[in-house]
Amino acid sequence: MINIKNLNKHYGDVKVLNNISIDIKKGEIFAIVGHSGAGKSTLMRCINGLEDYSDGSLQVKNKEIKNLKKNELREFRKNIGMIFQHFSLIQRKTVFENVALPMQLWGYSKDEISKKVKDLLSLVGLDEKLQSYPSELSGGQKQRVAIARALTLDPEVLLSDEATSALDPNTTTSILNLLKEINEKLNITIVLVTHEMEVVKQIAQKALLLEHGNIIGFDDTEELFLKPDEKMKEFLGETEVVPEDGVNIKIYFPKDNAFQSFITKMARELDMDFNIVWGKLEEINTHIVGNMVINIKESDKEKVTNYIKEHEIIWEVL
Ligand SMILES: Nc1ncnc2c1ncn2[C@@H]1O[C@H](COP(=O)(O)OP(=O)(O)OP(=O)(O)O)[C@@H](O)[C@H]1O
Ligand SMILES: [Mg+2]
């Protein structure tokens, strides 16, 4: 759906995107993650043709964006909805009028507009707020209006730039659930920019980590969190404190792996004691994944590692 190859982008002499290559599949929920200034919004604006790129290729549905002519670009953007952190609603227009706007600009009939706007406002759970003004809505409701507006022209792609950054955690979750629902019901590809790992965990199937315009990680979300490499650990701010004595073994538990039972079974079958240094379980994309560090005596190392290997568990010695 979106194929980016060796993309570079400069602002003057400053390179803000360096050799980016990613593929985003149709129907995927894809996260672009990074600290402030990493180049997330720039990459997003390249995807919808708002920014030019220096070299490399960026294709959406097999069309190279920088080769599109003005009228083609207009048609192309119709296929891409966008939502932002600060909602960008027009204050003096009602909810209905805000959502109707893109269709009015494209010259749809009143009846078509009315039906579509009502359907979408019902999808986002705002049937009752048609005649309200933005100032009468909560942040979460405003974002729902913005989401409805982004969907009016039946886009195949929805771009979200920090859409939940101004919202509290519960409202964030409800908006993410709505995005998930939209992704499933309407089969819309969603690309979301965020600096919040929680957002990535809750919704994204795949994630790209950007740092100063460079890719520092790109994988299925579960993989990224399950077995983070050094860069990812640094990004998450995780430091691993482990005992100096003995051997520390980190065991990774992929989805659907019965984790507690593995640990207790190992203790029973090997008939030995070990210390659990720390462990954590997380829900990523509705799957439970986790990892655990155990500390064993040097003399037990071979026995334990052999046992783990037999069970095809991912592990490493720290
Ligand atoms: N129009 C511009 N002209 C010059 N430099 C720009 C312009 N827009 C962005 N930049 C620079 O490009 C880099 C990437 O900016 P970008 O807005 O893509 O970051 P971001 O990852 O979205 O950050 P944030 O999380 O703060 O929104 C920054 O160093 C920024 O200063
Ligand atoms: Mg940004």
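Nearest 20 debye, what's the magnitude of the dipole of the chain about its Cα centre given +1 on Lys and Arg Cβ and -1 on Asp and Glu Cβ? Let's see the in-between values first.
Values: 41 positive and 49 negative charges, 359 e Å.
My answer is approximately 1720 debye.
Take the solvent-accessible surface of the protein heavy atoms, probe 1.4 Å, and return the percent of it on the chain that carbon and sulfur atoms account for. Can you show the working numbers first?
On the way: 7290 of 15830 Å².
Roughly 46 percent, rounded to a whole number.
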Report task. Positive end of the charge dipole of the chain (Lys, Arg +1 and Asp, Glu -1 on Cβ, about the Cα centre): tell me which of 34, 121, 199 has its Cα farthest that way. Result -> 121
Report task. Per DSSP H run of n ≥ 4, the term is -39500 (n - 2.57); total these for the chain, divide by its residue number, and report the mean residue ellipticity at 222 nm rounded to 500 deg cm²/dmol. Result -> -11000 deg cm²/dmol
Report task. Pop out the ³J(HN,Hα) list for region 7-24 in order, Karplus 6.51 cos²θ - 1.76 cosθ + 1.60 with θ = phi - 60°, rounded to Hz; leave Gly and Pro as x. Result -> 7, 10, 9, 10, 10, x, 8, 8, 8, 9, 10, 10, 6, 7, 10, 8, 10, 10
Query raised in the report: Using a 1.4 Å probe, what is the accessible area per residue for region 247-317, in Å²?
Result: 56 Å²
Query raised in the report: Over the heavy atoms of residue 185, what accessible area does a 1.4 Å probe trace out, to the nearest 10 Å²?
Result: 130 Å²
Report task. Provide the solvent-accessible area of residue 245, counting protein heavy atoms only and rolling a 1.4 Å probe, rounded to the nearest 10 Å². Result -> 120 Å²
Report summary line: Quick note, region 199-318: a/c under 1.5 would make it rounded; otherwise a/b > b/c is prolate and the rest oblate (a ≥ b ≥ c, C-alpha gyration tensor); here it is prolate
Report summary line: Between the modelled labels at residue 265 and residue 133 (7 Å from Cα along Cα→Cβ) the distance in nm is 6.4 nm
**Report entry** J(HN,Hα) series, region 193-200, from Karplus relation 6.51 cos²θ - 1.76 cosθ + 1.60, nearest Hz, glycine and proline x
**Finding:** 9, 7, 10, 9, 4, 4, 5, 4
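Count the net charge of all other residues whose Cβ sits under 11 Å from the Cβ of residue 101, scoring Lys and Arg as +1 and Asp and Glu as -1.
Numbers: positive: 93, 149; negative: 97.
Local net charge: +1.
With only Lys, Arg, Asp and Glu charged, each at its Cβ (+1 for the first two, -1 for the last two), find how big the charge dipole of region 1-160 is about the Cα centre; round to the nearest 20 debye. List each step's numbers first, then the result.
On the way: 25 positive and 18 negative charges, 33 e Å.
Dipole of region 1-160, to the nearest 20 debye: 160 debye.
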**Report entry** Distance from region 69-140 to region 261-307 (C-alpha centre basis), Å
**Finding:** 52 Å
Report summary line: For residue 314, the net charge from surrounding residues (Cβ-Cβ under 11 Å; K, R +1; D, E -1) works out to 0
Query - Integer Hz, Karplus 6.51/-1.76/1.60 couplings in order for region 40-47, x for Gly and Pro - result: 4, 5, 4, 4, 4, 5, 5, 5
Query raised in the report: Which shape class applies to the chain: rounded if a/c is under 1.5, otherwise prolate when a/b exceeds b/c and oblate if not, where a ≥ b ≥ c are the square roots of the Cα gyration tensor eigenvalues?
Result: prolate
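With every protein chain present, what is the per residue accessible area of region 2-233 (1.4 Å probe, Å²)?
Values: 10690 Å² over 232 residues.
Here the residues of region 2-233 average 46 Å² of exposed surface.
If you average the sequence gap of Cα pairs under 8 Å that are 6 or more apart and divide by the length of the chain, what percent do you get for the contact order?
Value for the chain: 19 percent.
Could you order 74, 149 so the one with the most accessible surface comes first? Probe is 1.4 Å.
Working: 74 135, 149 40 Å².
Result of the area sort, largest leading: 74, 149.
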Query raised in the report: Which far-off residues, 5 or more places away or on another chain, put their amide H under 5 Å from the one on residue 86, with H placed in the peptide plane?
Result: none
**Report entry** Lysine pairs within region 247-317, Cα separation less than 17 Å, 8 or more sequence positions apart or different chains
**Finding:** 11
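Give the ranking of 86, 35, 10 by solvent-accessible surface, highest area first, calculated with a 1.4 Å probe. Numbers along the way, then the final one.
On the way: 86 135, 35 100, 10 70 Å².
Highest to lowest solvent-accessible surface, that is 86, 35, 10.
Which entries in the list 15/63; 61/227; 63/231; 40/231; 25/69; 185/231 go over 27 Å, if you measure between the two C-alpha atoms of each? Present the calculation step by step, with values, prior to reporting the outcome.
Numbers: 15/63 24 Å; 61/227 32 Å; 63/231 33 Å; 40/231 17 Å; 25/69 25 Å; 185/231 35 Å.
Over 27 Å apart, Cα to Cα: 61/227; 63/231; 185/231.
Suppose every K and R has +1 on its Cβ and every D and E has -1 on its Cβ; what is the size of the dipole of region 186-318 about the Cα centre, in Debye to the nearest 20? Mind dumping the intermediate values first?
Values: 14 positive and 26 negative charges, 52 e Å.
For region 186-318, the charge dipole is close to 240 debye.
The values are calculated or read from the model by the stated rules, or taken from the named source; none is laboratory data. As the structure is a prediction and not an experimental result, all values here were calculated from the model. Neighbour counts are summed over all protein chains in view; Cβ atoms, including those assigned to glycine, are modelled from backbone coordinates with ideal geometry. Surface areas here come from the heavy atoms of the whole protein model, side chains and all, with no ligands, DNA or RNA. Shrake-Rupley method; radii C 1.70, N 1.55, O 1.52, S 1.80 Å.
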